Amino acid sequence: MRSWLFGIVLAESAAIAPDVELLAVAAILHDLGLTERYNGENRFEVDGANAAREFLKERGISAQQTQLVWDAIALHTTPNTRSP
């Protein structure tokens, strides 16, 4: 819950507001890559994103929404290289 709320606060300054439901899903599923079941060869963010993608695909979530969740989990620690 805390991570989701922190994401909401950060999103207030974003040029495009995120989908708060998808942000919640990403926050909830974020740590899957830290579990023994989903710990793979990648860094934990990518392993978690891959596990989340499979979870969402199995439940019929759209490819676009699934990709947004994958990006949010796997890339949240990747520095933004765009100029402000």
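The values are calculated or read from the model by the stated rules, or taken from the named source; none is laboratory data. Given the structure is predicted, the values throughout are model-derived calculations rather than measurements. Every residue, glycine among them, receives a Cβ derived from its backbone with ideal geometry; neighbour counts consider all protein chains shown. Accessible surface areas use protein heavy atoms only, side chains included; no ligands, DNA or RNA. Shrake-Rupley method; radii C 1.70, N 1.55, O 1.52, S 1.80 Å.
Over all other residues within a Cβ to Cβ distance under 14 Å of residue 53, the charged ones net out to -3, with Lys and Arg as +1 and Asp and Glu as -1.
Please report, as a whole percent, how much of the solvent-accessible surface of the chain comes from carbon and sulfur atoms (probe radius 1.4 Å).
Within the chain, the accessible surface is 57 percent carbon and sulfur.
For the chain, the solvent-accessible area of protein heavy atoms averages 75 Å² per residue (probe radius 1.4 Å; ligands and nucleic acids excluded). Listed values for the range 12-24 are Karplus-derived 3J(HN,Hα) couplings in whole Hz (6.51 cos²θ - 1.76 cosθ + 1.60, θ = phi - 60°), namely 4, 9, 6, 5, 10, 5, x, 6, 5, 5, 5, 4, 5, and x replaces Gly and Pro. The phi-based Karplus calculation (6.51 cos²θ - 1.76 cosθ + 1.60; θ = phi - 60°) puts the 3J(HN,Hα) values of the range 43-60 at 5, 4, 5, 6, 4, x, 5, 5, 5, 5, 4, 5, 4, 6, 4, 5, 9, x Hz, whole numbers, x for Gly and Pro.
To one decimal place, what orientation-averaged projected area in nm² is obtained for the convex hull of the Cα set of the chain?
6.1 nm²
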